[in-house]
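Reviewing the structure listed below.
The values are calculated or read from the model by the stated rules, or taken from the named source; none is laboratory data. Everything numeric here is computed off the predicted structure, so don't read it as measured data. Here the Cβ positions follow ideal geometry from the backbone for every residue, glycine too, while neighbour counts run over all protein chains shown. Ligands, DNA and RNA are stripped out before the accessible areas are found, and what is left, the full protein with its side chains, is counted by its heavy atoms. Shrake-Rupley method; radii C 1.70, N 1.55, O 1.52, S 1.80 Å.
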Amino acid sequence: MGITRQQLIEGDLLRTQIHVGGQWRDGSGGQRRPVTDPATGEEIVSVAVATADDVRDAIDAASVAFASWSKVPAPQRSKILRRWYDLVVEHTDELAEILTWEQGKPLAEARAEILYGAGFIEWFAEEAKRLYGEVIPTNNPNRRMLTTRNPVGVTAAITPWNFPAAMILRKASPALAAGCTMIIKPASETPLSAFALVALAEKAGVPAGVLSVVNGSGSEIGGVLTADDRVRTISFTGSTEVGRTLMAQSAGTLKHLALELGGNAPLIVFDDADIETAVKGAMDSKFRNAGQTCVCANRILVQDGIHDEFVAAFSKAVAKLRVGDGRDPEVTQGPLISQGALEKVQSHIADAVGKGATVLNGGEVTELGGTFFSPTLLVGATREMVIATEETFGPVAPVFRFSTEEEAIELANATEFGLAGYFFSRDIGRITRVAEALEVGVVGVNTGLISYEGAPFGGVKQSGIGREGSLHGIDEYTEMKYICIEGVA
Ligand code: NAP
């Protein structure tokens, strides 16, 4: 187990070029940009940058490839996807090492992400064979009526840096399973995982033009993708602000949009919760990926009767986290992705403290410097603080105190976001009431870990549109066609 960076450099997966129409090549403008290790600030490699012309080439190639890929019988497409799954699993160590290198998360989390992402390939390899249509009971003996589900055509994925592998696989797997072709635009911070996954797809037998990857400016590439009528679905994971831009830009060509956007997850601990379970859930949900996930608990709401006991146990658990280079097996939290991310975390803490919160753990950059930030616990948080309404996207757990169930629900829903929500209780009546009342797409009851490829993931309100994973995750890549046949009798 394990692989050295030297082995990666000598191997076949650390690619630095874009992949367009089955060719690995430099961008037509000849530009390159560095990818840096957030743990050291050092350059890993420099990678090719795609121009608008390269993106148009990728769309051309995807359009040509669609004609044949969409006609490949489903069991055959399924087998190719299954080979991709096998290769991704086989190369888990290399892929995890690349992921940690460019993104910073601990290797154990990187491995878990690769296997989680691979799960989508396996899942949709199976779903490819189950894209059933319907036969509708006829209203006329002379007619037969049926529906079929057909691939939409060329699609695009625009993905963020926090899950550089899983967010791509969650989109590319259903797209290819449905018979669509796809152009991936990874985050500029983390293109290496995308290149490596596409290299394995190529090895698995995904035909030229079916899966391309273009690295470069989000706004420039997004502009080309949204303006082109041939691109029928754009699946985006990232900030709500960019999601709104993409929606506005797609109006002219009326695309399908799948938008997985920002969150501001509440995590509620009721008086009747099991403390140990609640602390574990809060740790899992808050500090995974250094708090840089869209489903991270952003606000911890704790009821009066359990508040002090919970805070004491939570503080003890937070103190056990170990910050450092993700390659160290003892490390549970890597660096933040960038200086900008660090400044956002610091500003949220400063605002909260300025408005009366107390720092119980952390609150500052560790002795390692850079963007290594100490896991932070704040108590005395109130709704006037910025942290109550904005996603911190960092390792800061603000605890808000409440008295009644109604107050908790009102506070939990007092946000424009609605992605995930968690709560801890052992009362079946309360579990049912609160699960129904939370305005979110995903509810975790007595757990902080909810992701699974077989379950639908997505938000309500301004956290997005559409669902990924599960049998529903292929919907954005298919159109239903109704066929009415007359002249039967
Ligand atoms: P971001 O700034 O929105 O970037 C995400 C992607 O969009 C990147 O590939 C970026 O490219 C690209 N992009 C930027 N501006 C664009 C534009 N005008 N048109 C088209 N593409 C554009 O988000 P982030 O800071 O990387 O990621 C953090 C956010 O993602 C958080 O809000 C988090 O909650 C959300 N997120 C949501 C989910 C979910 O499933 N709901 C999952 C993970 C993360 P460049 O890198 O080149 O700028």
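Annotation note: Cβ proximity below 8 Å between a residue of segment 242-259 that is at pLDDT below 95 and a residue that is more than 11 Å from the ligand (Cβ to nearest atom) (sequence gap 6+ or interchain) occurs for no pair. Residues that are open to solvent by less than 10 Å² (accessible area, probe 1.4 Å) and assigned to a helix (DSSP H, G or I) within segment 98-108 comprise I98, L99, T100, E102, Q103, listed in sequence order. Where helices (runs of 4 or more DSSP H) fall entirely within segment 145-229, those with at least 3 residues that are open to solvent by less than 10 Å² (accessible area, probe 1.4 Å) and within 21 Å of H91 (Cβ to Cβ) are at 166-178, 191-204. D308 meets the stated requirement of being open to solvent by 10 Å² or more (accessible area, probe 1.4 Å), in a helix (DSSP H, G or I) and free of Cβ contacts under 8 Å to residues at least 12 places away in the same chain.
Only residues that are in contact (Cβ under 8 Å) with a residue 24 or more places away in the chain and of a type in the set (K, R) were counted in segment 317-353, giving 2.
Residues that are within 10 Å of the ligand (Cβ to nearest atom) and of a type in the set (D, E) were ranked within segment 217-246; the one that is nearest to G262 (Cα to Cα) is E241. Looking across segment 249-261, the residues that are more than 10 Å from the ligand (Cβ to nearest atom) and open to solvent by 10 Å² or more (accessible area, probe 1.4 Å) come down to A251, G252, T253, L254, K255, H256, L257. Out of all the residues in segment 379-392, is one or more of a type in the set (A, V, I, L, M) and over 28 Å from G238 (Cβ atoms)? Scanning segment 379-392 turns up at least one residue that is of a type in the set (A, V, I, L, M) and over 28 Å from G238 (Cβ atoms).
Per the conditions (1) crowded, with 18+ Cβ neighbours inside 10 Å; (2) within 21 Å of E127 (Cβ to Cβ); (3) out of contact with any Lys or Arg (no Cβ under 8 Å at 6 or more places or on another chain), the sole criterion not satisfied by R111 is (2). Got at least one residue in segment 137-149 being out of contact with any helix residue (DSSP H, G or I) (no Cβ under 6 Å at 6 or more places or on another chain) and under 12 Å from I474 (Cα atoms)? Checked segment 137-149: at least one residue is out of contact with any helix residue (DSSP H, G or I) (no Cβ under 6 Å at 6 or more places or on another chain) and under 12 Å from I474 (Cα atoms). Among the residues making up segment 212-242, a single one is more than 19 Å from K171 (Cα to Cα) and in contact with a Lys or Arg (Cβ under 7 Å, 6 or more places away or on another chain): V224. When we screen K129, K79, K71 for residues that are under 26 Å from L225 (Cβ atoms) and open to solvent by 10 Å² or more (accessible area, probe 1.4 Å), the only hit is K71. Within segment 442-489, being over 30 Å from A397 (Cα atoms) and open to solvent by 70 Å² or more (accessible area, probe 1.4 Å) holds for L471, H472, E479, M480, K481, Y482, I485, E486, A489.
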